[in-house]
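Student: Shown below is the structure under consideration.
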Amino acid sequence: MSPFLDLPPLSAAEFAAIEDQVAALLHTTADVIVTQGEALLPLEAAIRGAAHPGSTALNIVTGPYGQTFGNWLRSCGVEVVDLAVPFDSAVSAQQVADALAAHPAVDFVSLVHAEAATGNTNPVAGIAAAVREHGALLMLDAVASVAAEPLLTDEWGVDLCVIGGQKAMGGPAGVSAVSVSQRAWERIAANPAAPRRSYLSLLDWKERWTDAGRTVLPHAPAQLEMLALGACLDRIAADGLPAVIARHRAASAATRAGARALGTLAPFVTEDAHAAPVATTLRTPAGVHAAELAARLDPALPVQPGGGPLAASMLRVNHYGPAAALPTVHACLAALATATDADPAPALAAAEAAWTATVQG
């Protein structure tokens, strides 16, 4: 008999308890809605709910997801101001403050915390402070950052915080969540273009589920994904969130140190402070196609070529969830050394030293 079949129904109380676990992980007392789909679902729902036609949004672009948000905002009839920085760096709080000062009509800001696709991460605390001072609403894509670095939703003043379970949380891809502040609910409720009677409607979920006391689920839940989400939240709680974050930081430091010691590959994100703890992106040597290099590696390793225009020159080493472990980092570096005709010994030693220093620090 398959363990995935003939399970007892997931109750409303169990569903609500998982939402509460998500809220604790996000350090928020705001409403949390767990959505039955990959994280693009609540990301689009948040934008289409809060983006008023005719309003002005500041869209911070540090990778491909920022580009996607800009497209959604424009399709909502929003005037979009793109603040774009090179994908091998991070945006600064001062750059955001300057952009807001230059565009006083901005009332919505969209930001990606960590861009796993490009390997960078943005300083949300300082950026959120600038957005708060301006009086705008802040939507944060924390899909790749949650459980890999601090995420203080209420303390920072994040109004819409979207997460997914499939990266640092080590959970499922088919379920996601968004926390919604009171300010965000007021803005969505005041938006005549906000989706209603739609899978993208956060208001429908609020009225039929949250405001109704969370006693009757409005539709059949994605049971297997919800059980997996609850299990990964339980594991994070058992390990301790600080320990999970430390493990991801150590994996990033070890991978970057090992790559530098190889001498054949270089970190795509040059500054360590700008590097995301969930994935390390690497520039391949001149004349070496990243996809061809990746194809020579064991497909079980968490290494893949970059996407889009970066596919030819960038490799991405994922070290999130269970892959945030020194043996996995060592295996990736040893394979990259073989594939680029480099001596693995210096890379492995550098990685171990960086791991130890980060964990002990």
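The values are calculated or read from the model by the stated rules, or taken from the named source; none is laboratory data. Everything quoted here is computed from the prediction, not taken from an experiment. Backbone-built Cβ (ideal geometry, glycine too); neighbour counts: all protein chains shown. Protein only, heavy atoms only, side chains kept; ligands, DNA and RNA dropped before computing areas. Shrake-Rupley method; radii C 1.70, N 1.55, O 1.52, S 1.80 Å.
Student: Would you work out which of A286, M314, G37 lies farthest towards the positive end of the dipole of the chain, given +1 charges on the beta-carbon of Lys and Arg and -1 on that of Asp and Glu, about the Cα centre?
Tutor: A286
Student: Compute the distribution of all C-alpha to C-alpha distances in the range 128-204, in bins of 10 Å from 0, and list the percent of pairs in each, rounded to whole numbers.
Tutor: Reading the bins upward from 0: 18, 43, 32, 7.
Student: With all pairs of different alpha carbon atoms counted, what Kirkwood hydrodynamic radius in Å does the range 1-137 show?
Tutor: Working: mean 1/r = 0.0595 Å⁻¹.
Here the Kirkwood hydrodynamic radius works out to 16.8 Å.
Student: Over the range 214-267, what percent of the accessible surface lies on carbon and sulfur atoms, probe 1.4 Å? Display every interim value, and only then the final one.
Tutor: On the way: 1390 of 2300 Å².
Solvent-exposed carbon and sulfur of the range 214-267 make up 60 percent of the total.
Student: Restricting attention to the alpha-carbon atoms of the chain, what are Rg (one decimal) and Dmax (integer), both in Å?
Tutor: 20.8, 63
Student: Rounded, prolate or oblate: which fits the range 183-252, taking a ≥ b ≥ c as square roots of the Cα gyration tensor eigenvalues, rounded meaning a/c under 1.5, else prolate when a/b beats b/c?
Tutor: prolate
Student: Under a no-solvent Debye model with one identical scatterer per Cα of the range 21-76, what's log10 I(q)/I(0) at q = 0.19 Å⁻¹?
Tutor: Log10 of I(q)/I(0), two decimals: -0.81.
Student: Placing unit charges on C-beta atoms (Lys and Arg positive, Asp and Glu negative, everything else neutral), compute the dipole magnitude of the range 134-236 about its Cα centre in debye, rounded to 20.
Tutor: Details: 9 positive and 11 negative charges, 63 e Å.
The dipole of the range 134-236 has a size of about 300 debye.
Student: In the range 28-157, with Lys and Arg counted as +1 and Asp and Glu as -1 at Cβ, which of these residues, P104, T153, G119, has the Cα nearest the positive end of the dipole, that is, farthest along it?
Tutor: So the residue furthest toward the plus end is P104.
Student: State to the nearest 20 debye the size of the charge dipole of the chain about its Cα centre, where the only charges are +1 on K and R beta carbons and -1 on D and E beta carbons. Show your work: numbers first, answer last.
Tutor: Numbers: 19 positive and 33 negative charges, 58 e Å.
Magnitude of the dipole: close to 280 debye.
Student: What's the long-distance tail for the range 243-329, i.e. % of Cα pairs beyond 20 Å?
Tutor: Values: 1090 of 3741 pairs.
Tail of the P(r) past 20 Å holds 29 percent of the pairs.
Student: Only Lys, Arg, Asp and Glu count, each charged at its Cβ (+1, +1, -1, -1), so figure out the dipole size of the range 177-314 about its Cα centre, rounded to 20 debye. Don't skip to the end; give the middle numbers.
Tutor: Details: 14 positive and 11 negative charges, 37 e Å.
Charge dipole, the range 177-314, about its Cα centre: 180 debye, nearest 20.
Student: Using Cα atoms only, what is the angle between the long axis of helix 344-360 and the major principal axis of the chain, expressed in degrees (0 to 90) to the nearest 10?
Tutor: 40
Student: Please work out whether the range 1-49 counts as rounded, prolate or oblate from its C-alpha gyration tensor, where a ≥ b ≥ c are the square roots of the eigenvalues and a/c under 1.5 means rounded, while otherwise a/b larger than b/c means prolate and anything else oblate?
Tutor: Working: a/c = 2.74, a/b = 1.53, b/c = 1.79.
Here the range 1-49 falls in the oblate category.
Student: Hey, can you rank 234-243, 352-361 by average C-beta count inside 10 Å, highest first? Intermediate values should be presented prior to the final figure.
Tutor: Values: 234-243: 12.9, 352-361: 15.6.
Going by the mean number of other Cβ atoms within 10 Å, highest first, we get 352-361, 234-243.
Student: Now for a different question. Add -39500 (n - 2.57) for each DSSP H run of 4 or more in the chain, then divide by its residues: what number comes out at 222 nm, to the nearest 500 deg cm²/dmol?
Tutor: Theoretical 222 nm ellipticity from helices: -13000 deg cm²/dmol.
Student: Helix 40-50 versus the longest principal axis of the chain: what angle, 0 to 90°, nearest 10, using Cα atoms?
Tutor: Once rounded, one gets 40 degrees.
Student: Give the ranking of S2, S201, S75 by solvent-accessible surface, highest area first, calculated with a 1.4 Å probe. Walk me through the numbers on the way to the answer.
Tutor: Working: S2 45, S201 0, S75 75 Å².
Output order, biggest surface exposure first: S75, S2, S201.
Student: May I ask for the angle, rounded to the nearest 10°, between helix 12-25 and the longest principal axis of the chain, with both axes built from Cα atoms and the value confined to 0 to 90°?
Tutor: Approximately 60 degrees, to the nearest ten.
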